[in-house]
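> Here it is: the structure, laid out below.
The values are calculated or read from the model by the stated rules, or taken from the named source; none is laboratory data. It should be emphasised that the depicted structure is a prediction, and the values quoted were computed from it without experimental measurement. Virtual Cβ from ideal backbone geometry, glycine too; neighbours counted across all protein chains shown. What goes into the accessible areas is simple: the full protein's heavy atoms, side chains included, and nothing from ligands, DNA or RNA. Shrake-Rupley method; radii C 1.70, N 1.55, O 1.52, S 1.80 Å.
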Amino acid sequence: MSEFTLPANSKVGTGRHWPSPGNGGRVKNFRIYRWDPDATANPSLDTYEIDLDHCGPMVLDALVKINDQIDPTLSYRRSCREGVCGSCAMNIDGHNTLACLTPIDTLKEGTSRITPLPHLPVLKDLIPDLSGLYAQYALIEPWLQSDQAPPDRERRQSPEDRAKLDGLWECILCFCCSTSCPSYWWNQDKYLGPSILLQSNRWLSDSRDQATGERLDRLEDPFRLYRCHTIMNCTKTCPKGLNPARAIGDTKRMMAERG
């Protein structure tokens, strides 16, 4: 019989409880993943009581309140607060999403759990290491490539060709989709994952780009593209409502048509 156990230093324990300082009537508990690389302790889940009558409406507002008024050691990423930068991507109640776009009132009743994006190394607390994903992004060369001299003004494109980019250019590289994909969990050293493949399709679909053959050549690999099994987790979790699975399918079609 096989027995599978986690390494001792990876087991998550129960952390500190931070009670609400007041007697507010609307108190929400958040269990938040904590891990400090400079400490020797295992990861833990600290519990914070937040008075919703004195907190903004979004999950990110709760994190800001914790960091500002309760526990300044809590680490997380955030920037725009408007669902544009993708910095505050994390797992909230088992769902990869953006903290700035998630209203607290839409969370489950009782205690909500917040952890980093899954299946990535953790730098600290809610901050995952995105180095591998950024290296894969660089691999697809995400910029317009043309052998024609740049025009004096813009490169013209018909409204019909421009419409082909809708559903692609809106990706903010939050990586909620890639970190929800089982194929990416197990093959992230070889499979590019839904986020990068959607970005790749954005350039493959651009009528102004002249490097289609070279872009497809880079995807001609048993893992980089074809490890997608259309599980659809990527499309379900995208906080921007995009469809990475459709973009991957379109790239596979382009690959088949060229022979």
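> When Lys and Arg each count +1 and Asp and Glu each count -1, what net charge do the other residues less than 13 Å away from Lys252, Cβ to Cβ, add up to?
+1
> Straight distance only, please: which lysines reach the Cα of Lys240 with their own Cα at less than 29 Å, same-chain residues fewer than 8 apart left out?
Answer for Lys240, where 29 Å is the Cα cut-off: Lys28, Lys65, Lys108, Lys124, Lys164, Lys190, Lys252, listed by chain and number.
> Sticking with this one: Taking the alpha carbon gyration tensor of region 70-123, what are the square roots of 5 times its eigenvalues, largest first, to the nearest whole Å? It would help to have the intermediate numbers written out before the result.
Working: eigenvalues 57, 44, 34 Å².
They are 17, 15, 13 Å, listed from largest to smallest.
> OK, next. For the chain, what does the accessible surface come to per residue with a 1.4 Å probe? Please give it in Å².
Working: 13920 Å² over 259 residues.
Accessible area per residue, the chain: 54 Å².
> Additional query: Taking 0.36 nm per residue of separation and subtracting the Cα-Cα distance, what length does fully extending Leu139 through Lys252 add? Write out the running numbers ahead of the final one.
Values: separation 113, 0.36 × 113 = 40.68 nm, distance 1.81 nm.
That works out to 38.9 nm of additional length.
> Treating the beta-carbon of each Lys and Arg as +1 and of each Asp and Glu as -1, no other charges, what is the dipole magnitude of region 19-128 about its Cα centre, to the nearest 20 debye? Don't skip to the answer; put the middle values down first.
Working: 11 positive and 14 negative charges, 47 e Å.
Its charge dipole is roughly 220 debye.
> Would you mind telling me the share, in percent, of accessible area of region 73-219 contributed by carbon and sulfur at probe 1.4 angstrom?
50 percent
> Where does region 62-190 land on Rg(C-alpha)/(2.2 N^0.38 Å)? Mind showing how you got there, number by number?
Details: Rg = 18.6 Å, N = 129, 2.2 N^0.38 = 13.9 Å.
After normalising by residue count via 2.2 N^0.38 Å, the value is 1.33.
> If Rh is defined by the Kirkwood formula over all Cα pairs and Rg also comes from Cα, what ratio Rg/Rh do you get for region 152-259?
Working: Rg = 14.0 Å, Rh = 14.3 Å.
We get a ratio of 0.98 for region 152-259.
> Then there is this: Just subtract the alpha-carbon distance of Arg218 and Asp152 from 0.36 nm times their residue separation and send over the number in nm, one decimal. Let's see the in-between values first.
On the way: separation 66, 0.36 × 66 = 23.76 nm, distance 3.11 nm.
Gain on stretching Arg218 to Asp152: 20.6 nm.
> Taking C-beta distances below 4.7 angstrom as the pairing criterion, name the unpartnered cysteines of the chain, in sequence order.
Within the chain, the cysteines lacking a partner Cβ under 4.7 Å are Cys55, Cys88, Cys100, Cys171, Cys174, Cys176, Cys181, Cys228, Cys238.
> Please work out the FRET efficiency for the pair Asp36 and Thr230, using the Cβ-Cβ distance as r and a Förster radius of 30 Å; give the result to the nearest 0.05. Walk me through the numbers on the way to the answer.
Details: r = 39 Å, r/R0 = 1.30.
That gives a FRET efficiency of 0.15.
> Let me ask you something else. Asp209 versus His95, label points 7 Å from Cα toward the beta carbon: distance in nm?
3.1 nm
> While we're looking at this one, here's another question. Label 7 Å along Cα→Cβ of Arg26; region 85-124 residues with amide nitrogen under 19 Å?
100-113
> Further question: Loop only per DSSP, at most 11 neighbouring Cβ atoms within 10 Å: give me the trypsin sites (Lys or Arg not before Pro) in region 105-174, ordered by residue number. Walk me through the numbers on the way to the answer.
Values: sites: Lys108, Arg113, Lys124, Arg153, Arg155, Arg156, Arg162, Lys164; in loops: Lys108, Arg153, Arg155, Arg156, Lys164.
Those that pass, being in a loop and sparsely packed, are Lys108, Arg153, Arg156.
> Okay, moving on. How large is the translational diffusion coefficient of the chain in µm² per second when you combine the Kirkwood radius over alpha carbon pairs with Stokes-Einstein at 25 °C and 0.890 mPa s? Present the calculation step by step, with values, prior to reporting the outcome.
Values: Rh = 20.4 Å.
D, rounded to a whole number, is 120 µm²/s.
> Sticking with this structure for a sec: For the chain, which longest stretch is free of loop sites, where a loop site is one of the GluC sites (Glu not before Pro) that DSSP puts outside H, G, I, E and B and that has at most 10 other Cβ atoms within 10 Å?
Details: sites that count: Glu3, Glu82, Glu109, Glu154.
After excluding every exposed loop site, the longest remaining stretch is 155-259.
> Still on this structure, I have one more. Using the Cα centre of the chain as the reference point, and only Cβ charges (+1 on K/R, -1 on D/E), how large is the resulting charge dipole? Debye, rounded to the nearest 20.
Values: 31 positive and 33 negative charges, 75 e Å.
Around 360 debye, computed over the chain.
> Right, here's the next one. Taking the Cα centre of region 194-259 as the origin and placing charges on Cβ (Lys, Arg +1; Asp, Glu -1), which of Pro194, Ile248, Cys238 is farthest toward the positive end of the dipole?
Positive-most Cα among the choices belongs to Cys238.
> Starting from a Cα-only point model with no solvent, please compute log10 I(q)/I(0) by Debye for region 132-176 at q = 0.14, 0.19 1/Å.
One equal scatterer on each Cα of region 132-176 leads to -0.54, -0.88.
> In region 117-193, how does Rg compare with the Kirkwood Rh, expressed as the Rg/Rh ratio over alpha carbon atoms? Don't skip to the answer; put the middle values down first.
Details: Rg = 16.9 Å, Rh = 15.4 Å.
Ratio of gyration radius to Kirkwood radius for region 117-193: 1.10.
> Another question, then. Region 1-117: percent of C-alpha pairs farther apart than 23 Å? If you can, show how the numbers build up before the last one.
Working: 2131 of 6786 pairs.
I get 31 percent for the Cα pairs in region 1-117 exceeding 23 Å.
> I would also like to ask the following. Provide the net charge surrounding Asn42, with neighbours chosen by a C-beta distance below 15 Å and charges set as Lys +1, Arg +1, Asp -1, Glu -1.
On the way: positive: Lys11, Arg16, Arg34, Lys124; negative: Asp36, Asp38, Asp46, Asp125.
Net local charge, Asn42 excluded: 0.
> Another one. Mean residue ellipticity at 222 nm from the helices of the chain, using -39,500 (n - 2.57) per DSSP H segment of n ≥ 4 over the full residue count, to the nearest 500 deg cm²/dmol? Walk me through the intermediate numbers first.
Numbers: 8 runs with 67 residues, N = 259.
The helix contribution divided over the chain gives -7000 deg cm²/dmol.
> What do you get for trypsin sites (Lys or Arg not before Pro) in region 8-44 restricted to DSSP loop and a cutoff of at most 16 other Cβ within 10 Å of the site's Cβ? Provide the component values of the computation, followed by the final result.
Values: sites: Lys11, Arg16, Arg26, Lys28, Arg31, Arg34; in loops: Lys11, Arg26.
Of the trypsin sites (Lys or Arg not before Pro), the ones in loops of region 8-44 whose Cβ has at most 16 other Cβ atoms within 10 Å are Lys11, Arg26.
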